[in-house]
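One structure is given here, and the rest of the page talks about it.
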Amino acid sequence: MIRGADIIVQSLIAEQVEYIFGYPGGAIMPVYDALYDYHERIKHVLTRHEQGAIHAAQGYARVSGKVGVALATSGPGATNLITGLADALIDSTPLVCITGQVAAHLLGSDAFQETDVVGISMPGTKWNYQVRHAADIAPAIAKGFHIARSGRPGPVLIDITKNAQIELAEMQYTPCTYIRSYRPYVPISAERVAEAAALIDAAERPYLLFGQGCLSVRQMKS
């Protein structure tokens with residue numbers, strides 16, 4: 001049995017995360033305390049603002065082809081991630097953002113720095129989820145990484161209450177490879193590809209615009 005904060009860090013290590021970008025605060029402090037015990041296995045990059053953290057995670061994801069990870073506290077710390085989330089969704093950048101939240105029994109009470117970050121971030125994420133119990137942390141992180149990197153890559157936000165970070169639970173991490181309600185890969189129609197090729201062949205002045213998605217596919221294949 002280990003603390004939820006340790007489960008968070010060990011789950012990230014299990015996903016082969018090398019760097020985390022973040023800025024500490026009260027609701028995420030148990031995770032920062034846990035990071036000290038794993039400093040030889042995972043590196044934390046301290047930024048001066050949460051928006052800087054998520055943009056740094058974006059840059060890392062684009063350069064490395066891996067999932068970028070950002071940490072932030074509750075309230076204004078979490079809301080400072082919104083611009084980066086929207087940018088990552090538009091540019092197909094795989095991110096997993098972990099935010100601290102007030103204790104579960106305080107949700108909905110207008111507690112200090114309580115913000116409905118799940119509701120606020122919903123339009124700017126592929127998936128977001130609030131964890132209220134330590135036993136649910138590892139499955140949520142595994143699911144988050146699968147959604148962030150599969151199909152069209154994008155950002156995921158996992159909001160974890162402070163009580164879940166300090167509760168004890170068993171560490172059982174199983175990477176996620178399938179979600180029943182999630183179908184990220186659309187079947188390719190050979191007929192439509194042939195039609196598109198015929199149009200390009202017949203064009204006198206064809207114009208092709210390639211975006212970030214082509215680079216992402218190339219990185220995933222390499």
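Just give me the residues in region 90-129 being assigned to a helix (DSSP H, G or I) and surrounded by fewer than 19 Cβ atoms within 10 Å (Cβ to Cβ), in sequence order.
Taking region 90-129 and keeping what is assigned to a helix (DSSP H, G or I), we get 90-91, 104-106, 117-124.
Of everything in region 90-129, those that are assigned to a helix (DSSP H, G or I) and surrounded by fewer than 19 Cβ atoms within 10 Å (Cβ to Cβ) turn out to be 90, 91, 104, 105, 106, 118, 119, 120, 122, 123.
Matching residues to (1) in a helix (DSSP H, G or I); (2) outside the structural domain of residue 161 (by TED's automatic domain parsing); (3) over 22 Å from residue 103 (Cβ atoms); (4) of a type in the set (Lys, Arg):
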position: 7; (1), (2), (3), (4): yes, no, no, no
position: 12; (1), (2), (3), (4): yes, no, yes, no
position: 24; (1), (2), (3), (4): no, no, no, no
position: 33; (1), (2), (3), (4): yes, no, no, no
position: 41; (1), (2), (3), (4): no, no, yes, yes
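For the subset of region 68-89 comprising residues that are of a type in the set (Val, Ile, Thr) and surrounded by fewer than 24 Cβ atoms within 10 Å (Cβ to Cβ), which member is farthest from residue 149 (Cα to Cα)? Show your work before the answer.
So in region 68-89, the residues of a type in the set (Val, Ile, Thr) come out as 69, 73, 79, 82-83.
From the residues that got through so far, the ones that are surrounded by fewer than 24 Cβ atoms within 10 Å (Cβ to Cβ) too are 79, 82-83.
Details: 79: 23, 82: 19, 83: 20 Å.
Taking the candidates together, the pick is 79.
Within region 197-212, can you find the residues that are within 22 Å of residue 151 (Cα to Cα), free of Cβ contacts under 8 Å to residues at least 60 places away in the same chain and assigned to a helix (DSSP H, G or I)?
none
Can you pull out every residue in region 23-50 that is closer than 20 Å to residue 115 by Cα and crowded, with 19+ Cβ neighbours inside 10 Å?
23, 25, 27, 28, 30, 31, 50
Could you tell me whether any residue of region 108-120 is without any contact (Cβ under 8 Å) to a residue 12 or more places away in the chain and farther than 19 Å from residue 163 by Cβ?
Yes; the residues of region 108-120 include at least one that is without any contact (Cβ under 8 Å) to a residue 12 or more places away in the chain and farther than 19 Å from residue 163 by Cβ.
Out of all the residues in region 51-63, which are over 20 Å from residue 141 (Cα atoms) and in contact with a helix residue (DSSP H, G or I) (Cβ under 8 Å, 6 or more places away or on another chain)?
Within region 51-63, 51, 55, 62 qualify.
For region 64-98, what are the residues that are polar (S, T, N, Q) and more than 22 Å from residue 142 (Cα to Cα)?
Taking region 64-98 as the starting set, the residues that turn out to be polar (S, T, N, Q) are 64, 73-74, 79-80, 83, 92-93.
Result: 79, 80, 83.
Is it true that some residue in region 145-168 is among the aliphatic types (A, V, I, L, M), without any contact (Cβ under 8 Å) to a residue 24 or more places away in the chain and either within 27 Å of residue 78 (Cα to Cα) or buried (at least 16 other Cβ atoms within 10 Å of the Cβ) (or both)?
Checked region 145-168: no residue is among the aliphatic types (A, V, I, L, M), without any contact (Cβ under 8 Å) to a residue 24 or more places away in the chain and either within 27 Å of residue 78 (Cα to Cα) or buried (at least 16 other Cβ atoms within 10 Å of the Cβ) (or both).
Exactly one condition in (1) outside any loop (DSSP other than H, G, I, E, B); (2) farther than 27 Å from residue 168 by Cβ is not met by residue 144; state its number.
Status for residue 144: all satisfied but (2).
One residue is enough: does region 2-11 have a residue meeting the conditions closer than 23 Å to residue 104 by Cβ and among the basic types (Lys, Arg)?
Within region 2-11 (the criterion being closer than 23 Å to residue 104 by Cβ and among the basic types (Lys, Arg)), the answer is yes, since at least one residue qualifies.
Return only the number of the condition from (1) of a type in the set (A, V, I, L, M); (2) touching a residue at least 12 places away in the same chain (Cβ under 8 Å); (3) surrounded by fewer than 17 Cβ atoms within 10 Å (Cβ to Cβ) that residue 57 does not satisfy.
(3)
Restricting attention to region 155-162, does a residue exist that is in contact with a His (Cβ under 9 Å, 6 or more places away or on another chain), under 16 Å from residue 28 (Cα atoms) and modelled with pLDDT of 95 or more?
Within region 155-162 (the criterion being in contact with a His (Cβ under 9 Å, 6 or more places away or on another chain), under 16 Å from residue 28 (Cα atoms) and modelled with pLDDT of 95 or more), the answer is yes, since at least one residue qualifies.
The values are calculated or read from the model by the stated rules, or taken from the named source; none is laboratory data. The structure displayed is predicted, hence computed values, not measured ones. A quick note on method: Cβ atoms are made from the backbone with ideal geometry, for glycine too, and the neighbour counts reach across all protein chains shown.
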